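Here is the structure we will look at, set down as structure tokens.
Only the coordinates and a few stated rules stand behind these numbers; no lab work does. All values derive from a computational prediction rather than experimental measurement. Cβ coordinates were reconstructed from backbone atoms using ideal geometry, including for glycine residues, and neighbour counts include every protein chain displayed.
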Amino acid sequence: MKTSDLVRMANQIADFWSPYPKGEAIDCIAKHIHSAWEPRMRNELKAHIDKGGEGLSPLFLEAMADYFKGPKSPASKAPKTPKNAAAG
């Protein structure tokens, strides 16, 4: 997928959530990216952000800064199972 398409879609998501309280908007943006974007899209997005994130809205960049840190990402809130409990 073209980076320009990812940027356009990312900014549409941020625009949708921008009227909400900032904390809620950041959380909802991250949850949407996690649940609706396939890993390939998230990886391309991360690579674009790592290069400076040109064209992405400040709200979206803030949401992704938290998301890509890991601890606040929806995936990290998954309950531990015997399989992944040993891993950490």
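A few points about this structure:
- Pairwise label distance in nanometres, H34 with K22, each label 7 Å out on the Cα-Cβ vector: 2.1
- Taking I49, I26 and counting other C-beta atoms within 10 Å, the order from fewest to most: I49, I26
- Alpha-carbon geometry of the stretch 3-76: the Rg and the Dmax are 11.0, 29 Å, given in that order.
- Ranking of F16, F68, F60 by count of other Cβ atoms within 10 Å, fewest first: F16, F68, F60
- The loop-placed GluC sites (Glu not before Pro) in the stretch 1-70, going by DSSP, that have at most 13 neighbouring Cβ atoms within 10 Å of their Cβ come out as E54.
- Taking the fewest neighbouring Cβ atoms within 10 Å as the starting point, the ordered list for Y20, Y67 is Y20, Y67.
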